[in-house]
1. Suppose the filter is surrounded by 14 or more Cβ atoms within 10 Å (Cβ to Cβ) and at pLDDT 90 or above; does Phe116 pass it?
2. Checking Leu86 against (1) within 30 Å of Glu44 (Cβ to Cβ); (2) of a type in the set (A, V, I, L, M); (3) in contact with a helix residue (DSSP H, G or I) (Cβ under 6 Å, 6 or more places away or on another chain), only one condition comes out false. Which one?
3. Out of the residues in the range 43-68 that are open to solvent by 30 Å² or more (accessible area, probe 1.4 Å) and part of a loop (DSSP other than H, G, I, E, B), which is modelled with the lowest pLDDT?
4. Pairs needed: first member in the range 68-92, within 17 Å of Gly140 (Cα to Cα); second member anywhere, open to solvent by 50 Å² or more (accessible area, probe 1.4 Å) and aliphatic (A, V, I, L, M); C-beta distance under 6 Å; at least 6 residues apart or different chains.
5. Check the range 150-157 and report whether any residue there is in contact (Cβ under 8 Å) with a residue 60 or more places away in the chain, in a strand (DSSP E or B) and over 16 Å from Ser61 (Cα atoms).
6. Please go through the range 100-127 and give me each residue that is within 24 Å of Phe79 (Cα to Cα) and in a loop (DSSP other than H, G, I, E, B), ordered by number.
7. Step by step: first the residues of the range 83-107, then only those that are surrounded by 17 or more Cβ atoms within 10 Å (Cβ to Cβ) and over 14 Å from Thr172 (Cβ atoms), then the one that is farthest from the chain's Cα centre (by Cα). Which residue is that?
8. Does the range 132-146 include one or more residues that are open to solvent by less than 60 Å² (accessible area, probe 1.4 Å), assigned to a loop (DSSP other than H, G, I, E, B), in contact (Cβ under 8 Å) with a residue 24 or more places away in the chain and among the charged types (D, E, K, R)?
Amino acid sequence: MKGRKISLITALAALLVFSACSGFQDRTLDYLGKRPTTGPFFEEDKTPMVELNYAAADIISSQLSERLPLGSPITVTMFRLRGNALQTDFAKILTEQMASRIAQKGFAVVADDSRFPMAPVAEDIAPPEKCVLAGAYSVGKTRIFITAAVTTVSDGEILGSWDWTVPLNTKTRSLLPIQEDPFITPMVNTSGPIEKSEPARATPQSNYIPDEFNNQPGFEQDIMN
């Protein structure tokens, strides 16, 4: 009888110890986070690029509706990366989305304005004004800063413009020639022993480095060049 009591007390004590350890482990995981050490430290902003660009184009379109004469042709130039002559896939998609949205709003976005009629649609309406859609962007650590404007060809007057940002996430990063450091070694090795070897020599080419300091949006008087 005495032996059974001792066994029962021992079992209860072990159960209490196990429960305490389990609770401590759960509280520790809640504090540290249950994601693996290779997971992202911050949640990535996955806002679709097209939504942000369309919203910017809508604002510019509303400005044009108040100032641009009816039937004015708008040609489009490729948006440029500030401080770099590279033409990136990001710039191509950005330019196409902006031009597409402005065209959806009823404006005459054309490839060649030389064949576009410039006579006024009515006697009491101002004649059409040739315009250009242009823009520029800079890449920061977490955001891409964009400026776009529609200006007149005759005197460069800005009829509509806007500044906005899009997240630098997995999708937008894939559209930019951002090169990772080839000498970075992972902190956690999951593929076996690391064999050290000489890195292959890269052929000389234009490298792009994100702007870490001068990454704030702003008006550029010479945005078209």
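1. Here the answer is no, as Phe116 does not meet what is asked.
2. Failed condition: (3).
3. Restricting to residues being open to solvent by 30 Å² or more (accessible area, probe 1.4 Å) and part of a loop (DSSP other than H, G, I, E, B), the top hit is Glu43.
4. The qualifying pairs are Ala91/Met78.
5. no
6. The answer is Lys105, Gly106, Phe107, Val110, Ala111, Asp112, Phe116.
7. Among those that are surrounded by 17 or more Cβ atoms within 10 Å (Cβ to Cβ) and over 14 Å from Thr172 (Cβ atoms), it is Phe107.
8. no
The values are calculated or read from the model by the stated rules, or taken from the named source; none is laboratory data. Everything numeric in this text was worked out from a predicted model, so none of it was measured. Glycine gets a Cβ as well: all are built from the backbone with ideal geometry, and neighbour counts include every protein chain shown. Protein only, heavy atoms only, side chains kept; ligands, DNA and RNA dropped before computing areas. Shrake-Rupley method; radii C 1.70, N 1.55, O 1.52, S 1.80 Å.
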